[in-house]
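Engineer: Here it is, the structure in full.
Read-outs throughout are calculated quantities, based only on the coordinates presented, and are distinct from any laboratory measurement. Remember, predicted model here, so these are calculated numbers, not experimental data. So basically every Cβ, Gly included, is an ideal-geometry build from the backbone, and we count neighbours across all protein chains shown.
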Amino acid sequence: MKEKPWIDQWMSWTLNLGTLLSILLVFSGGAIYLFNAGNESIQLLLQQSTTYPLNFSIIAETIQLTPAVGLIEMGLFCLIATQLLRVGMLLIYYIYTKDYWFILINLFVLLVLVYSFIWKDIH
Amino acid sequence: MSIILFSVLVFIASLCAGVIGSLTGLGGGVVIIPALVLFFHINIHYAMGASLIAVVATSSGTAAAYLRKGFTNIRIGMFLEVAAVAGALIGALLIPYISKTLLTLLFCGLLFLSAFLTIKRREDQEVYTSSHPWGYTLRLNDNYPVYQGFQSYYVQQVPLAFFIMWFAGMISGLLGIGSGTLKVLAMDQVMRLPYKVSTTTSNFMIGITAAVSAGVYFTHGYIHPIIVMPVMLGVIVGANIGARLLPHLHTQFLRILFSIIISLMGLQMLINTFTASV
């Protein structure tokens, strides 16, 4: 059973816009970063034992301290948020069409997506 | 090496990975990760994180195009996504408990499997006129555009495909790839969907599965923005170039070449693992 064409179009536009916005943010941040710090050594960044945890509060902090890196991180989150948005759009569509199985299915997928970002804050 | 030189070289390598992935239809993850580890000596966790972001970015772009053309079966995609995201979450959460050596060995195994599946001849599709019961309950059966109109298809072996999706999601979470190969395998060979429906629906799914893994990788700290930036941009440009080149190239030859390249990469990673270079 094919979904109504308008939901296909809306999802297509959402994916395109979200990806484009993400590319713009990452590119802008990357260009500014390379202009300011491009001559520094890469060795520190490739240390085997360091990790770089990210969440919304860290990004907000990073934007204030190093705007270029903050822009890149914003772009990456925008890309992931686009996936959340498209699942959310489908959920709304299935609620509108009263498709109960797929309301449950989309709700589960959306919850797992959200949980993947907040599990460390919960536990 | 300066950061700018590193970024340019990684961008070029990622561009090549994007072109190859686009031409062979198997995604860039299996090329990007070994390239970053072998040539740039990047920590495999960072390489996997960068690969995931690149996978999300490229699959979003191609999924948008396929949705408009009417091949993607959103219902099948979202139904199978239940298993895929569950597997991806479990796989990604397990990462800190699995040694880099084991991860590398698993990844090498996947490279060899991908090489084999790439050159394996596809069986011709039998046309089915009835569906697995779940296909009727969940209204998964559909049609897709063909030259003279639309061709109907009916889903088969849904529970087995669901299990394979869970496994594909687990691999995606553990190894930082999209698992497109396994997804297409499940839909094409198990559910017996038309190949174009399988590939486009897989493309639709990959972004969501990889986003779940990426969420966990973000919180683990395996997504480094300075490493991801040239990878993401390079793969997107490469995928676009590959899509434009595709109609003009002989894909069977490319698939064989791709299989040889990733087999050699897998072998090199194995050697490095046993000499403790990863």
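Engineer: What is the Cα coordinate range of chain B on the first, second and third principal axes, sorted by size from largest, in whole angstrom?
Structural biologist: Reported extents, whole Å, longest axis first: 59, 43, 29.
Engineer: Using mean Cβ contacts within 10 Å as the protection proxy, how do B:194-201, B:148-155 order, highest first? Walk me through the intermediate numbers first.
Structural biologist: Numbers: B:194-201: 21.6, B:148-155: 14.4.
In decreasing order of mean packing, B:194-201, B:148-155 become B:194-201, B:148-155.
Engineer: Beta carbons within 10 angstrom, averaged per residue: use that to sort the peptides B:77-88, A:103-114, highest first.
Structural biologist: Details: B:77-88: 25.7, A:103-114: 18.8.
Result, highest mean first: B:77-88, A:103-114.
Engineer: Could I ask something else about it? Anything over 29 Å Cα to Cα? Flag those among B:Lys69/B:Lys183; B:Lys100/B:Lys183; A:Lys120/B:Lys69, in the order listed. Each step should come with its number before you reach the end.
Structural biologist: Details: B:Lys69/B:Lys183 20 Å; B:Lys100/B:Lys183 25 Å; A:Lys120/B:Lys69 40 Å.
Beyond 29 Å between Cα atoms: A:Lys120/B:Lys69.
Engineer: Another question, if that's okay. Hey, fewest Cβ within 10 Å first, where do A:Trp119, A:Trp6 land in order? Can you show the working numbers first?
Structural biologist: Working: A:Trp119 15, A:Trp6 9.
Ranking A:Trp119, A:Trp6 by Cβ neighbours within 10 Å, fewest first, gives A:Trp6, A:Trp119.
Engineer: Mind ordering B:31-41, A:14-24 by average Cβ neighbours within 10 Å, highest first? Present the calculation step by step, with values, prior to reporting the outcome.
Structural biologist: On the way: B:31-41: 22.2, A:14-24: 18.8.
The packing order, highest mean first, is B:31-41, A:14-24.
Engineer: Report, as an integer, the average count of C-beta atoms from other chains found within 10 Å of each Cβ along A:69-82.
Structural biologist: Values: counts 4, 1, 2, 6, 5, 1, 7, 11, 3, 0, 9, 11, 1, 5.
Going residue by residue through A:69-82 and averaging, the value is 5.
Engineer: Can you pull the one-decimal nm distance between simple spin-label points at A:Ile63 and B:Asn143, each 7 Å off the Cα toward Cβ?
Structural biologist: 4.9
Engineer: Let me confirm one metric for peptide A:110-119, namely the mean number of other chain beta-carbon atoms within 10 Å of its residues' beta-carbons.
Structural biologist: Values: counts 2, 1, 12, 10, 2, 5, 15, 7, 2, 6.
Mean inter-chain Cβ contacts per residue within 10 Å come to 6.
Engineer: Evaluate peptide B:2-15: per residue, the Cβ atoms of other protein chains within 10 Å of its Cβ; return the mean as an integer.
Structural biologist: Working: counts 7, 11, 8, 3, 7, 5, 2, 0, 1, 1, 0, 0, 0, 0.
Whole-number average of other-chain Cβ neighbours for B:2-15 is 3.
Engineer: Next question, about the same structure. Using Cβ contacts closer than 10 Å as the measure, can you line up B:Ser60, A:Ser28, B:Ser259 from fewest to most? Could the numbers behind the result be given before it?
Structural biologist: Numbers: B:Ser60 28, A:Ser28 16, B:Ser259 21.
Ordered by Cβ neighbours within 10 Å, fewest first: A:Ser28, B:Ser259, B:Ser60.
Engineer: Considering the convex hull of the alpha carbon atoms of region B:5-77, report its projected area averaged over all viewing directions, in nm², one decimal. Write down the numbers at each step before the final one.
Structural biologist: On the way: hull surface 22.1 nm².
For region B:5-77, averaging the hull's shadow over all directions gives 5.5 nm².
Engineer: Now for a separate question. Counting other beta carbons within 10 Å of each residue's own, what order do B:Ser14, B:Ser2, B:Ser22, A:Ser41 fall into, fewest first?
Structural biologist: Listed from fewest to most nearby Cβ atoms, that is A:Ser41, B:Ser2, B:Ser22, B:Ser14.
Engineer: Taking every alpha carbon pair in region B:77-220, what does the distance histogram look like in 5 angstrom bins from 0, in percent?
Structural biologist: P(r) for region B:77-220, in whole percents per bin: 2, 10, 19, 20, 18, 13, 9, 5, 3, 1, 0.
Engineer: Across all directions of projection, what mean area in square nanometres is found for the Cα convex hull of region B:39-93?
Structural biologist: Answer in nm², one decimal: 5.1.
Engineer: While we're looking at this one, here's another question. 222 nm [θ] for the protein assembly as shown, helices only, -39500 (n - 2.57) per DSSP H run of 4+, per residue, to 500?
Structural biologist: Details: 15 runs with 297 residues, N = 401.
The helix-only estimate for the protein assembly as shown comes to -25500 deg cm²/dmol at 222 nm.
Engineer: Right, another one. Could you check how many percent of all C-alpha pairs in the protein assembly as shown are farther apart than 26 Å?
Structural biologist: I get 49 percent for the Cα pairs in the protein assembly as shown exceeding 26 Å.
Engineer: Another question about this same structure. What's the center-to-center distance, using Cα atoms, between region B:1-68 and region B:100-171 in Å?
Structural biologist: 24
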